[in-house]
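Following: one structure in structure tokens, then a few remarks.
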Amino acid sequence: MTSVKLGTYSMRISTIGYCLKQGLKNIWRNKMFSLASIATMSICIFLFGLFFCVVQNFQYMVKEVESGVSVTVFFDEDISQDEAAMKEIGAKIAAREEVEEAQFVSAEETWESYKDIYFAEAPHLAEGFANDNPLAKQAHYVIYPKDVEDQNSLVEYLESVEGIRRVNKSVEVANILTNFNLLVGYVSVAIIILLLCVSVFLISNTVTIGIAVRKEEIAIMKLIGATNSFVKAPFVVEGLLIGIIGGAIPLGLLYLLYTRLIRYMGGQFDNLAGLMQFLPVDQMFRTLLPVGLALGAGIGFFGSYLTIRKHLRV
Amino acid sequence: MIDLENVTKAYSTGNHALNGVSLHIDKGEFVFIVGDSGSGKSTLIKLLLKELEPTSGTIKVNGINLNKMKQRAIPKYRRKIGVVFQDFRLLKDRNVYENIAFAQRVVITPTKNIRKNVPAMLSLVGLAEKYKSYPKQLSGGEQQRVALARALVNKPNILLADEPTGNLDPKNSKEIMKLLETINERGTTVVVVTHNQEIVDQMKKRVIAMHRGVIISDERKAGYIQHAN
């Protein structure tokens, strides 16, 4: 006979089938309460998913921004046109442990990129400077630290190097983003915990009503000699199913919405593409799907298990 | 088979439902327990089902001391005891077949055995044709027969019947009693709690009469009247 070990006793496959069927019947019998529980669970998991997407995307964007965080170094006027002297200092900087990369940008390259940005719509205006680079003394190094946290010590070092006129840093942007990210994270966690408590409460209510409706049946079961687990199983199955259904619906909805959002943002706001890098759908749902479903199933399971334990001292 | 030794059951209100009751029922016996309301009959059934704990005294069933039985051993113990009630206690949302199969599912019987056992039980109680009917489509007598089939399907060695004819007319009562006798003849110990005087007089079985929690008489092949009053 096919049997599986479940807790302290073995259960036949047919019994598991019976419990599943009874769990489904319970849901059907208390249609309105089951629907209310599924709806609340769906809202909770939907909001969870929403916050999850926001936090994940924020983290992703911050990471992207952090990887672009750099320090720009300009040189003293007397050496600002002496490429060899500048490169000598550059080599010294590049040799530092906290430096990932040090890129030399010559005065010509600086002028070219300046022109691209500011004279893009009227290139003829820049022609007057053809033989007289106004940024002749703006050759510089762009230095990428290995870690954003190393930036402050790196800047301190750079400011002490002889021949360096100015150090531009962009660490504030990353700091603001990181702090905001943390804030979003904390608020999300607080709201999610609140919603989860509401879900547990509602599932508990549904199961309590199921127990009240089936009081006589439970009494008969106990008199016939049903074990505690046999009496409890259909209720736990009921909670578990409500949890899984209440998890699957919002996750499907979120998948659709997220895919559309990314497509829409990509199409409508081309210029934001560099700033707002969204986490790809498959990468997002690789984590969100199992976490969301496990959360739904977990709330359903524990919500019903604890309730039946409380109400059925069998 | 069933042994009670100086059993007392007092409720928190101070009422003594049973007061120093001692009795012995042998394997295969058919016993009536008679008495007025409040005589302690139903408390006795509840003690035997281990729904209640005695305040003092010892209860032994099938050689097991119920006082020492652990909570988790109760389901297994109850599987050896069939029970029927005055109000039948059938599941109203399930048909006759499912009501009986339910008792088998509870004790985790394989489906193929259930398919064999349930029709056999229905034939025994004479309801083979009505396996698809729902309780509300059956008469009181038929419902009690379904309850009997459910109590017997797990092959208990003791059958406890608490006022089994309480809701039935004389004709149906007689038929249920006949069925209980058949079951008893097949080897099951039958204990019937009743105040149906006519039935007790007709059956000529052992009768234990109770009054205010004590046994006032215990005689074999007896009638009701001489003991209850």
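The values are calculated or read from the model by the stated rules, or taken from the named source; none is laboratory data. From a predicted model like this one, the values you see are computed outputs, not experimental measurements. Counting neighbours? That spans all protein chains shown, and the Cβs are built from the backbone with ideal geometry, glycine included. Heads up: the accessible areas ignore ligands, DNA and RNA and are worked out on the full protein's heavy atoms, side chains in. Shrake-Rupley method; radii C 1.70, N 1.55, O 1.52, S 1.80 Å.
Taken together, A:98, A:162 contain a single residue that is more than 22 Å from residue A:68 (Cβ to Cβ) and of a type outside the set (A, V, I, L, M, F, W, C), which is A:162. Taken over the stretch A:219-256, residues that are of a type outside the set (Phe, Trp, Tyr) and in contact with a strand residue (DSSP E or B) (Cβ under 9 Å, 6 or more places away or on another chain) amount to 6. Look at the stretch B:126-140: where a residue is over 15 Å from residue B:150 (Cα atoms), no partner that is among the small types (Gly, Ala, Ser) sits 6+ places away or on another chain with Cβ atoms under 8 Å.
Within the stretch A:134-156, the residues that satisfy the criterion of being part of a helix (DSSP H, G or I) and over 18 Å from residue A:103 (Cβ atoms) are A:149, A:152, A:153, A:156.
Regarding residue A:165, is this residue out of contact with any Lys or Arg (no Cβ under 7 Å at 6 or more places or on another chain) and open to solvent by 30 Å² or more (accessible area, probe 1.4 Å)? The answer is yes for residue A:165. List the residue pairs whose Cβ atoms are under 8 Å apart, where the first residue sits in the stretch B:199-210 and is over 20 Å from residue B:36 (Cβ atoms), the second is at pLDDT below 85, and the two are 6 or more positions apart or on different chains. From residues that are over 20 Å from residue B:36 (Cβ atoms), the pairs are B:204/B:221; B:204/B:222; B:204/B:223. Evaluated against (1) within 14 Å of another protein chain (Cβ to nearest Cβ); (2) surrounded by fewer than 23 Cβ atoms within 10 Å (Cβ to Cβ); (3) assigned to a helix (DSSP H, G or I); (4) in contact with a Pro (Cβ under 8 Å, 6 or more places away or on another chain), residue B:198 falls short on exactly one condition, (1).
When you scan the stretch A:65-82, do you find a residue that is assigned to a helix (DSSP H, G or I), among the aliphatic types (A, V, I, L, M) and open to solvent by less than 30 Å² (accessible area, probe 1.4 Å), even just one? For the stretch A:65-82, residues assigned to a helix (DSSP H, G or I), among the aliphatic types (A, V, I, L, M) and open to solvent by less than 30 Å² (accessible area, probe 1.4 Å): absent.
Take the conditions (1) modelled with pLDDT of 80 or more; (2) within 13 Å of chain B (Cβ to nearest Cβ); (3) buried (at least 20 other Cβ atoms within 10 Å of the Cβ); residue A:26 misses just one of them, which is (1).
Just give me the residues in the stretch B:2-32 being among the hydroxyl-bearing types (Ser, Thr, Tyr), open to solvent by 80 Å² or more (accessible area, probe 1.4 Å) and either in contact (Cβ under 8 Å) with a residue 12 or more places away in the chain or more than 13 Å from residue B:53 (Cα to Cα) (or both), in sequence order.
Within the stretch B:2-32, B:13 is the sole residue that qualifies.
The listed residues are A:233, A:219, A:212, A:190, and the only one of them that is surrounded by fewer than 18 Cβ atoms within 10 Å (Cβ to Cβ), within 14 Å of chain B (Cβ to nearest Cβ) and at pLDDT 80 or above turns out to be A:219. Just one of the listed residues (A:91, A:39, A:85) is modelled with pLDDT of 85 or more and either more than 30 Å from residue A:208 (Cβ to Cβ) or not aliphatic (A, V, I, L, M) (or both), and it is A:91. Pairs meeting the criteria (first residue in the stretch B:105-120 and closer than 17 Å to residue B:131 by Cα, second residue open to solvent by 40 Å² or more (accessible area, probe 1.4 Å) and assigned to a helix (DSSP H, G or I), beta carbons under 6 Å, at least 6 apart or on different chains) are B:111/A:14; B:118/B:97.
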